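Here's the structure, in structure tokens; my notes come after.
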Amino acid sequence: MRGGAWIVVALAAGCALADATPSTYARLHGTRYAVRPVDVPDGGVEIKQDLASFRIESGEFRPMEPAADTVTGFIFQGKGRFRFEVPNAFELAQLRRFTRDHDITAIDTAFTTLIVRRSSAVTPPFAMTFPEHDDYARNSLAYERGEESIKDWDVDIDARVVAGMLVPGDDYFIADVKTKDFGWLRYQFEPWDAEEVTLAKLQAPDTFPEIWVSADRASERDAAGFPTSDIHRLVDVVSVEVDADLGNHRGQLLIGKWDRVDPDVPEPPRQPLPDPIHIKARVEMQVLVEGMRAIPLELHPWATVSAVRTADGTELGFIRDRVGERYALISDERAAGSLIVITPAPLHRGQELTLEFDYELKTYNYVSGRRWYPGPVDPFNDRHTGRITVRGPSKFQVRSAGTLESDTVEGNRRTSVWSVTTPTKMMAFSFGTGKEESVKLEGAPEVLVFGGSTGAVFGNMVHNVAVDVARAQKWFQEYFAVPAPAPKLRAAAITGWHGQSFEGFLQLSQLTFNEEHPGHTEAFRGHEVAHQYWGHLVGWKGYRDQWLSESFAEYSSLMFVQAMYPKERYFDAIIADYAANQLGSLKGGTIYQLPFTELLQRPDVRADLGPIGAGWRAGTYRVPYGYYVQAYEKGALVLHTLRTALSSASKDQDVFRLVLQDFLREQSGKAACTADFQKLLERRVPYAWGPFFEAYVYGTEIPTFAWKWSIERQEENFFLIVSIEASHVPEGFQLPIPLRIEFQEKSVRYTFLNMEGARKVFRVPIPGVPRDVKLNPNNAVLARIEPLVPKLPDRKLDPFAAAPR
């Protein structure tokens, strides 16, 4: 032992400390650890936390400087062993994908460094003694890891620890461990998440953080190790009132504009600049945890918070690290996404609380998503009402979610007030100059589109957008046999490269007001309209189920394009594009490609793509766009495959359409999960759908069918003999695959071959000798189709034979 006298620091997990304040955060943020280390006792120690265990064999501890009389962390350096168990088969597949080790069954590796932080008191085995008086100094390693956490993970560990000290029962635990086989790994137990346990890795600075394994805590996993619980909320936001002052915002719409010094040498488009707007947000909430003194919230990292108050004007302390102020290459406004509000007295479960926030936010001509105003952790299913007041230059018109209450101009300033009276997931507004077009189709709500054109203009582009939005809304309403969710649908142009849908309000990229790309343009506009059904009318339970929003909206928009332009075959072309990306083929249907299209032709890149059922975790640092490719493109192909398969079930009914109608009716106003959709499908069409979902939603391999065909003649009768061998499919997998048969007189016949098992031979009666036979025409199902080549017999090689020249 080193040092003088000793004291025991072993407070119970999750105790609330009355003197933990923002000053506690400042002390923790100093990253000071004991200068003189503590030896590991003979026999070592072991720390177990759910799926993780850290066996510390020999070396030295350095405890963190106490804050609020609590030691919340330590650094160990020496010899140890880290083991992490994998809870289920899905997560095992994820681990193997990230590690590129197809034989791994668990993480079991030596480590040399361990940095542990905890919201309650921590000692190495949680019962060891530390020096009562010791010298402390900033530990450079711990400081670097903490800074990386804020910059690259958007996790302020010190703020989280302080918040946990003020929430009864909180047992937050995080450990960075430097392993022999995998480098730095991060284990975290976050009780505020729906899935509390994660094992993660950041491969390099400024890259996509990889969540290798994610699981519920032990008490909430089912018998097979899968998650069962929802997020554990601390507060429930009931209502939000926002007052936004645009100041002198320029409201630029410059996407697609070209500035040329030399008219013969084009330069990149001039980019718009974000300007600050000042926001006052009044958030009414209900407290869900007895005795808590910290309110954990999320807010956009570009928001600079100046004050937090109660409804009576009492100033409250808050914790929010402005990490950008410390680094030249990061904008000064950049902060951690967390906002921890500290209350002077404990709150009570069921208590109604109103907080007021003042902050400045740099933005373009819109705010969107959910983080632009304060909300709870993982807020997408936290529904609330609201009101938005926007004050700005009179030249700017405002469009917003909700209903317009008033729009007044005094001098050169305009005030626009909008109200959201039906509980919603999120609110948004945009502003700018331009004009508005109204389109009202019979039997459908009015569509109002506001925007302007800044690029190559093809006629009245605002009108074009309005027509497509109105036609999409009417088509969805009729196809789904469900009235449009909003009595009036508004849309507005934003200075962005994306679109987003809110209830009754769409934000559409300025690009779609600038130029037309036949098929793709209509699909983009239709996609956001489809979110009125998929995403808003029917929500998603968690990130693993978010494809129920994105994939369903994308495929719905493609069906809309197919219905509007059957002769142009835009639908087939886009499906061909998506299939080419999945199969690594150059045989796409259009020349309209995203930046990563070429990369997806590489097998190693496609192998990095995770399954649809992994949600955003489908990406890796090598393929950070994995979620987009899987949720938007592969998900649409899976629904196309399902539509094809269901078309074989009945010639008289559009079974796929009936399934979607059932799903919308049964899940309206709910947060659905993938299992809900599978159960409905099994009820409507009794079939072994489990392997289908296992292959296409939870798996990454593409089913492969090798095939050949021949003709058999018996007197005047002809038979088409089709042999198929399946691979890369789970046990029990079945799939009806369409077969196109073209005869000499150019007549065409279609039939389905119900492929099941590893090998199958089909004998199809035909009227004569075919001119051509094609399995899976027009990418009807997502599959790799290959010629069936006879296997050559194995030959014994003479090791002394001369090599061929």
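Per the Kirkwood formula on distinct C-alpha pairs, the Rh of the chain is how many angstrom?
29.6 Å
How large is the charge dipole for segment 513-556, taken about the Cα centre, if only the Cβ atoms of Lys, Arg (+1) and Asp, Glu (-1) carry charge, to the nearest 20 debye?
Once rounded to the nearest 20, the dipole reads 300 debye.
Using the Karplus curve 6.51 cos²θ - 1.76 cosθ + 1.60 with θ = phi - 60°, what ³J(HN,Hα) values do you get for each residue of segment 346-360, in whole Hz, with x for Gly and Pro?
x, 8, 10, 4, x, 5, 8, 9, 10, 10, 10, 10, 10, 7, 10
With the calculation restricted to Cα positions, what are the radius of gyration and Dmax of segment 25-83 in angstrom?
According to the Cα coordinates of segment 25-83, Rg and Dmax are 12.8, 36 Å.
What lysines does Lys201 reach when the alpha-carbon gap must be under 18 Å and sequence neighbours fewer than 8 apart in one chain are set aside?
Hits, sequence-local ones excluded: Lys151, Lys178, Lys180.
Would you pull out the residues with amide H under 5 Å of Thr363's amide H, same chain only if 5 or more places away, H placed 1.01 Å from N?
Those qualifying (amide H under 5 Å, at least 5 residues apart or on another chain) are Asp275, Ile277.
If you fit an axis through the alpha-carbon atoms of helix 520-530 and take the longest principal axis of the Cα set of the chain, what angle between them do you get, 0 to 90°, nearest 10?
Helix 520-530 sits roughly 60 degrees off the main axis of the chain.
Nearest 10 degrees is fine. How inclined is helix 89-99 to the longest principal axis of the chain, computing both from alpha carbons?
Computed tilt is about 80 degrees.
Taking all pairs of distinct Cα atoms, average 1/r, flip it, and tell me the Kirkwood hydrodynamic radius of segment 281-349 in Å to one decimal place.
Mean inverse Cα-Cα distance, inverted, gives 13.3 Å.
Given Val341, His640, Phe111, which one lies farthest toward the positive end of the charge dipole of the chain, if we put +1 on the Cβ of every Lys and Arg and -1 on the Cβ of every Asp and Glu?
Projecting each Cα onto the dipole axis, the largest value belongs to His640.
Indicate the gyration tensor shape class of segment 133-199 (rounded, prolate or oblate), computed on the Cα atoms with a ≥ b ≥ c the square roots of the eigenvalues: a/c under 1.5 is rounded; otherwise a/b larger than b/c is prolate and the rest oblate.
Judged from the Cα gyration tensor, segment 133-199 comes out oblate (a/c at least 1.5, b/c at or above a/b).
Could you work out the longest stretch of the chain that avoids the GluC sites (Glu not before Pro) located in DSSP loops with at most 12 other Cβ atoms within 10 Å?
Maximal segment without exposed cleavage sites: 133-441.
In Å, what is the Rg of the alpha-carbon atoms in segment 180-233, and how long is Dmax?
12.9, 38
Is it possible to state the helix-based mean residue ellipticity at 222 nm for the chain, with each DSSP H run of 4+ residues giving -39500 (n - 2.57), the sum divided by total residues, to the nearest 500 deg cm²/dmol? What is it?
Rounded to the nearest 500, the figure is -6000 deg cm²/dmol.
Quick one: putting +1 on the C-beta of Lys and Arg, -1 on the C-beta of Asp and Glu, what dipole do you get for the chain around its Cα centre, in Debye to the nearest 20?
In debye, rounded to 20, the chain gives about 1620.
Let me know the shape class of segment 348-495, please: from the alpha-carbon gyration tensor, a ≥ b ≥ c as square roots of the eigenvalues, rounded when a/c is under 1.5, otherwise prolate if a/b is greater than b/c, or oblate.
Since a/c reaches 1.5 but b/c is at least a/b, the shape of segment 348-495 is classed as oblate.
What part of the accessible area of the chain, given as a whole %, is carbon or sulfur when the probe is 1.4 angstrom?
51 percent
Compute the Rg/Rh shape ratio of segment 525-634: radius of gyration over Kirkwood radius, all on alpha-carbon atoms.
0.99
Show me, for segment 279-285, the HN-Hα J-couplings you get by feeding each phi into the Karplus relation (A = 6.51, B = -1.76, C = 1.60, θ = phi - 60°), rounded to Hz, glycine and proline as x.
Couplings: 10, 10, 10, 10, 10, 9, 9 Hz.
Apply the Kirkwood formula to segment 374-450: the hydrodynamic radius equals the inverse of the mean of 1/r over all pairs of different alpha-carbon atoms; give it in Å with one decimal.
The answer is 14.2 Å.
If you place +1 on the Cβ of every Lys and Arg and -1 on the Cβ of every Asp and Glu, how big does the dipole about the Cα centre of segment 404-448 come out, in debye to the nearest 20?
200 debye
Would you mind checking the tilt of helix 547-564 against the longest principal axis of the Cα atoms of the chain, expressed as 0 to 90 degrees and rounded to 10?
30 degrees
Taking a cut-off of 28 Å between Cα atoms, list the lysines near Lys435, but don't count ones fewer than 8 places away on the same chain.
Within reach: Lys257, Lys362, Lys395, Lys474, Lys488.
Could you give each residue of segment 604-610 its phi-based ³J(HN,Hα) in whole Hz, using Karplus coefficients 6.51, -1.76, 1.60 with θ = phi - 60°, and x for Gly or Pro?
5, 6, 5, 5, 7, 5, x
The values are calculated or read from the model by the stated rules, or taken from the named source; none is laboratory data. All values derive from a computational prediction rather than experimental measurement. Neighbour counts are summed over all protein chains in view; Cβ atoms, including those assigned to glycine, are modelled from backbone coordinates with ideal geometry. Surface accessibility is based on the protein's heavy atoms, side chains included, excluding ligands, DNA and RNA. Shrake-Rupley method; radii C 1.70, N 1.55, O 1.52, S 1.80 Å.
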